[in-house]
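Everything on this sheet refers to the single structure shown next.
The values are calculated or read from the model by the stated rules, or taken from the named source; none is laboratory data. In this text the structure is predicted, and so the values were computed from the model without any measurement. Glycine also receives a Cβ, built like all others from the backbone with ideal geometry; neighbour counts cover every protein chain displayed. Just the protein is used for accessible areas: all its heavy atoms, side chains included, with ligands, DNA and RNA removed. Shrake-Rupley method; radii C 1.70, N 1.55, O 1.52, S 1.80 Å.
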Amino acid sequence: PPTLQDCKQHWSMLQTYLENLDAVLGELQPILDGIAIHNTVIVMVCNFGQSELLVNFVCSAQSRGLDTSNILVFTTDQETTDLANALGLTTYYDHRNFGNVPAQAARRYGDARFVAMMMAKVICVQLVNMLKFDLLFQDVDMIWYQNPLEYFNNKTFDVFFQDDGGHSIRYAPYSANSGFYFVRYNDKTRHFLNSVFMAGDLILSTDSHQQALIATLNEHVSLYGLKAKVLS
């Protein structure tokens, strides 16, 4: 279980988030309205230390003629904001919640920089879902061979996840990968993502938002009938 220190750190983040929530949602709404395609957006998070991966993704997509117009990059520093804008991407830099996120890449899995980015990934997805958009979240260290959104059309599941490949008890029972997943907006997913966000103390104690996400996913499938699909 999280320590008291983990709880207090999460409460401090939560206080900042709640004090600025209305302002952030007010800024995000017109941005999302302007880029959404069929009420769907693609969400990414990047700091300057990961920016080479973002550039690689955009160059790869452009080389295949794939549309990136409905991508929103939540940037965590001004340098990344400027770079992503120069790449033709839409950005949102929330200095209130992300101003203290390190600009450097993580040195290792689970270090302070890594965990700070994990919290940013949780917040951005929860905000977009709260504004009633369907979303595909993906990390910046991947490329597309074709538009992934077409796969999720006309399917009845609330959430789709990749199989992580790591089937240890830590990620049981779903082994859901938190670096690429699709969320269809409804009351069940709104409650699910809000619950993941509220489990910030667990994210801090485990150094992983994936572990907290899967634990919450298991609970919401059981208690609320959330329909989850893990891809083959």
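Long-range amide H contacts for Val230: which residues qualify at under 5 Å (H placed 1.01 Å from N, peptide plane, sequence gap of 5 or more or a different chain)?
HN-HN under 5 Å from Val230: Phe161.
List every residue whose amide H lies under 5 Å from the amide H of Thr91, counting only residues 5 or more places away in sequence or on a different chain, with H placed 1.01 Å from N in the peptide plane.
Result for Thr91 returns Val73.
State the extension gain, in nm to one decimal, for the chain segment bounded by Leu14 and His167, taking 0.36 nm per residue of separation less the distance between their alpha-carbons. Walk me through the numbers on the way to the answer.
Values: separation 153, 0.36 × 153 = 55.08 nm, distance 3.15 nm.
Taking 0.36 nm per residue and subtracting the Cα distance, the gain is 51.9 nm.
Helix-only mean residue ellipticity at 222 nm, the chain, DSSP H runs n ≥ 4 weighted -39,500 (n - 2.57), per residue, nearest 500. What is it? Write down the numbers at each step before the final one.
Details: 9 runs with 116 residues, N = 232.
Calculated mean residue ellipticity at 222 nm is -16000 deg cm²/dmol.
Sticking to Cα atoms, compute the Rg of segment 3-51 to one decimal and its Dmax as the biggest Cα-Cα distance, whole number, in Å.
15.3, 43
Using a ≥ b ≥ c from the Cα gyration tensor of segment 129-216 (square roots of the eigenvalues), is it rounded, prolate or oblate, where a/c under 1.5 gives rounded and otherwise the larger of a/b and b/c decides, a/b for prolate?
Values: a/c = 1.79, a/b = 1.23, b/c = 1.45.
Oblate is the answer for segment 129-216, as a/c is 1.5 or above yet b/c matches or exceeds a/b.
As a test of the definition: which semi-axes, in Å, follow for the chain when you take the square root of five times each eigenvalue of its alpha carbon gyration tensor? Largest first, please.
Working: eigenvalues 116, 96, 65 Å².
After scaling each eigenvalue by five and taking roots: 24, 22, 18 Å.
When the Karplus curve 6.51 cos²θ - 1.76 cosθ + 1.60 is applied with θ = phi - 60°, which whole-Hz ³J(HN,Hα) does each residue of segment 77-89 get, with x for Gly and Pro?
The phi angles translate into 7, 5, 4, 5, 4, 5, 5, 5, 4, 5, 7, x, 8 Hz.
Taking the Cβ of Tyr93 as the center, what net charge do the other residues with Cβ under 13 Å away carry, scoring Lys and Arg +1 and Asp and Glu -1? It would help to have the intermediate numbers written out before the result.
Numbers: positive: Arg96; negative: Glu27, Asp77, Glu79, Asp82, Asp94.
Net charge in that neighbourhood comes out at -4.
Out of the total accessible area of segment 1-100 (probe 1.4 Å, heavy atoms of protein only), what percent is carbon and sulfur? Before the final figure, lay out the partial values.
Working: 2580 of 4980 Å².
In segment 1-100, the share of accessible area belonging to carbon and sulfur is 52 percent.
Which ³J(HN,Hα) values, rounded to whole Hz and listed in residue order, are derived for segment 54-64 from phi using the Karplus coefficients 6.51, -1.76 and 1.60 in 6.51 cos²θ - 1.76 cosθ + 1.60 with θ = phi - 60°, glycine and proline given as x?
Along segment 54-64, the couplings run 5, 4, 4, 4, 5, 4, 5, 5, 5, 5, 9 Hz.
Give me the accessible area per residue for the chain, probe 1.4 Å, as a whole number in Å². List each step's numbers first, then the result.
On the way: 10790 Å² over 232 residues.
It amounts to 46 Å² per residue over the chain.
Largest first and in whole Å, give the semi-axes of segment 163-207's equivalent ellipsoid, each being the square root of 5 times a Cα gyration tensor eigenvalue. The partial results should precede the final answer.
Values: eigenvalues 79, 51, 14 Å².
Semi-axes from the Cα gyration tensor: 20, 16, 8 Å.
On alpha-carbon atoms, Rg over Rh for segment 174-232 using Kirkwood Rh? Each step should come with its number before you reach the end.
Working: Rg = 11.0 Å, Rh = 11.8 Å.
On the Cα set of segment 174-232, Rg over Rh gives 0.94.
Using a 1.4 Å probe, how large is the accessible area of Phe197, given in Å² and rounded to the nearest 10?
10
Assuming R0 = 25 Å, can you tell me the calculated FRET efficiency for the pair Cys59 and Leu231, based on Cβ-Cβ distance, to the nearest 0.05?
On the way: r = 26 Å, r/R0 = 1.03.
Calculated transfer efficiency: 0.45.
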